[in-house]
1. Is it the case that L84 is within 30 Å of I9 (Cα to Cα), at pLDDT 95 or above and touching a Ser or Thr at 6+ places or on another chain (Cβ under 8 Å)?
2. Condition check: among the acidic types (D, E), closer than 23 Å to R176 by Cβ and touching a residue at least 40 places away in the same chain (Cβ under 8 Å). Does D117 satisfy that?
3. Looking only at segment 142-166, count how many residues are in a loop (DSSP other than H, G, I, E, B) and either buried (at least 16 other Cβ atoms within 10 Å of the Cβ) or in contact (Cβ under 8 Å) with a residue 24 or more places away in the chain (or both).
4. Which residue is surrounded by the most Cβ atoms within 10 Å (Cβ to Cβ), if the candidates are limited to segment 113-141 and must be farther than 16 Å from V32 by Cβ and over 17 Å from the mean Cα position of the chain (by Cα)?
5. Please enumerate the residues belonging to segment 1-30 that are under 22 Å from T114 (Cβ atoms) and part of a helix (DSSP H, G or I).
6. Is it true that Y351 is among the aromatic types (F, W, Y), under 18 Å from G395 (Cβ atoms) and free of Cβ contacts under 8 Å to residues at least 60 places away in the same chain?
Amino acid sequence: MRIEHALSIRADARRPIRVLVVGAGGTGSTIVMGLPYLDQALRVWGRFAGLDVLLMDADTVSETNCIRQPFSVSDIGQNKATVLVNRINLFWGMRWRAEPRDFDERTFERIQDTSIDFLIGCVDSRAARSVIARSLAKSNNRTAYWLDLGNNAASGQFVLGQPWNARNRRSAERLRTVNELYPENRTNVRQDSDVDICVLYTGAFFPDYSMSQGLDGPLLGYVDGTYTYAAFKNDVQAALIAYFGKESVTRGKKAFDVHANTYRIDADVVPAFEHRRFHGNPAFNWFDSGTQICPDAGSVIVNWPRQNYAKGVGKNDATGRRFKAVTRILKRLRNEMADEGYAAADPIPSYLIECLVWNVPNEAFGHSALKADVRWALAHLWNETRTHETCNEWGEINELKYLFWSGQPWTREQVKTFLQAAWDYIGFE
């Protein structure tokens, strides 16, 4: 299948394309040393005034960097970004800039530019990618593209995405970012440390027009696809077996279990199609993008991972990081209770706990000690789940699914029982 994407950056011969490169190590140094050639090509083309590049890295050149990176012995001890940018400016006559510090959540405010055209991430950790993702998701950010690069000893990858921010959120065909395609559940605890991987097919989608006014496929120019979900799931199975071996892969109703061994942990691989929930009318319309799973038993499961991630980050920021902290504590508590034979903990999955804490008001997270936050959260949740009326409108973190409506694998009564058991287990009075 051929997929084409038209850049959202409008050609303007009077202004350069603004590029922020984060990281000046092996990948970042290689990328930034090649950008002058792209700058020259853009100028000859006449559509843009070249590139305006800012390179960020707090690291200094070490002796080992002189082997695989473009540094010499005379550079040892100097800042990597400064060395590279000075070299480029002297040779090419540029006015590019270097900032000898790490990227953080206040970087855009510090450089006074929230409308970067391309952020090129050359970082080597999930934590660093999470910082970039949170910064790009802020309400006032207008970065057009995030190009994430990474590699190991034998392979590499890149993901070009459009962050879900003020600039891109209304784009119907927005490219997903690395953190959306590979969402990190930042509230995982050790007992839940198996890996859940979604293999998402975006060449077709399952539509839902029920919340729109007069929309349908033909009106929007869509036609039925020929590649079925069943065929896709079979193809995923064949690919897993070809790579891991038949004895390492077990097919379940919803997912494939790739068994752990001495060098990998257990993984659940979930094949999914894109799901689009349409809104609006023929004159003005948009859609929410999620995932749809069709288990072998014949039912349908729709999830919203991108929205879960974005909303969770927002709640965590609004509570001074207490949302994730309280969620981790309650997940560990649930696991400990299950290990000790408390039946009330068995029907309570990890995701449900996160959704419950999501429905706790933000003011509950402002106590001087985490224990007080946990106490307040448990008390609030128990009081509100005593009756159907007081929690009927609660939603999942994504705010696109009701928490206790039909179709959920848990009930309000199960939650209330668990909350009472958790309160007594801790010993609160």
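1. Working: within 30 Å of I9 (Cα to Cα): yes; at pLDDT 95 or above: yes; touching a Ser or Thr at 6+ places or on another chain (Cβ under 8 Å): yes.
Here the answer is yes, as L84 does meet what is asked.
2. Yes.
3. 8
4. The residue in question is T114.
5. Selection gives G28 alone.
6. yes
The rows are residues; the columns are (1) in the same structural domain as S115 (by TED's automatic domain parsing); (2) out of contact with any Pro (no Cβ under 7 Å at 6 or more places or on another chain); (3) over 24 Å from L119 (Cβ atoms); (4) not in a helix (DSSP H, G or I).
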| site | (1), (2), (3), (4) |
| --- | --- |
| Y37 | yes, yes, no, no |
| D52 | yes, no, no, yes |
| L55 | yes, yes, no, yes |
| S62 | yes, yes, yes, yes |
| I67 | yes, yes, yes, no |
| T82 | yes, no, no, no |
| I88 | yes, no, no, no |
| R95 | yes, yes, no, yes |
| D102 | yes, yes, no, yes |
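Here is a yes/no grid of residues against (1) over 22 Å from D288 (Cα atoms); (2) in contact with a Cys (Cβ under 9 Å, 6 or more places away or on another chain); (3) not acidic (D, E):
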| position | (1), (2), (3) |
| --- | --- |
| W92 | yes, no, yes |
| P100 | yes, no, yes |
| D113 | yes, no, no |
| I120 | yes, no, yes |
| V123 | yes, no, yes |
| A137 | no, no, yes |
| L149 | yes, yes, yes |
| N168 | no, no, yes |
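The values are calculated or read from the model by the stated rules, or taken from the named source; none is laboratory data. All figures in this text were calculated on a predicted structure; none of them were measured in a lab. For neighbour counting, all protein chains shown are included, and Cβ atoms are generated from backbone atoms with ideal geometry for every residue, glycine included.
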